[in-house]
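Asker: Provided herewith is a single structure, encoded as structure tokens, for subsequent inquiry.
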Amino acid sequence: MRKGIFVVFIPLLVGCATYEQPIPAEPSTGEIVEPSFEQKAVGDASLMTNQALKSYREGYVHATKHKAFAQSDVGAWSWKSNRTSIKYAIENSLIDCQKNNKKHEAEYPCKIINVDGKWVGER
């Protein structure tokens, strides 16, 4: 009878020995904390949503000159093309992106990430 008891207790003891207790979180203040986003990727990898990537690849890349692509760090985006100048393409894509980003615009504003096929910061 001792063999049966011994066999049953070994797996229980091993399971208890390897169980990691969760680390308690700091007490909640009741404040809702939104996740922070950092855009580190470059090129089309910087596009944050599947819809933005699809629109970039299927539309923006083939669009006429004087075009701009704007995106927020929370994923809102817009692009405009066939404008009379780069200035208007930038303004129009930012305005449209901001409409899509109303809830987060103050904290995560829309920024231009591509102008006439060149990524911002690209030389």
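Asker: Tally the residues that are farther than 22 Å from Ala45 by Cβ and part of a helix (DSSP H, G or I), restricting the search to segment 95-117.
Answerer: Initial filter on segment 95-117 (farther than 22 Å from Ala45 by Cβ): 95-96, 98-99, 102-103, 105-107.
Among the residues that remain, those that are also part of a helix (DSSP H, G or I) are: 95-96, 98-99.
Going through segment 95-117 one residue at a time, the tally reaches 4.
Asker: Could you list, in sequence order, all residues of segment 45-66 that are more than 26 Å from Lys103 (Cβ to Cβ) and either at pLDDT 95 or above or open to solvent by less than 60 Å² (accessible area, probe 1.4 Å) (or both)?
Answerer: From segment 45-66, those more than 26 Å from Lys103 (Cβ to Cβ) are 57-58, 61-66; that's our starting set.
Passing the criteria: Arg57, Glu58, Val61, His62, Ala63, His66.
The values are calculated or read from the model by the stated rules, or taken from the named source; none is laboratory data. Because the structure is predicted, anything quoted here is derived from the model rather than measured. As a convention, Cβ positions derive from the backbone with ideal geometry for all residues, glycine included, and neighbour counts pool all protein chains shown. Just so you know, the surface numbers come from the protein's heavy atoms only, side chains and all, with ligands and any DNA or RNA stripped out. Shrake-Rupley method; radii C 1.70, N 1.55, O 1.52, S 1.80 Å.
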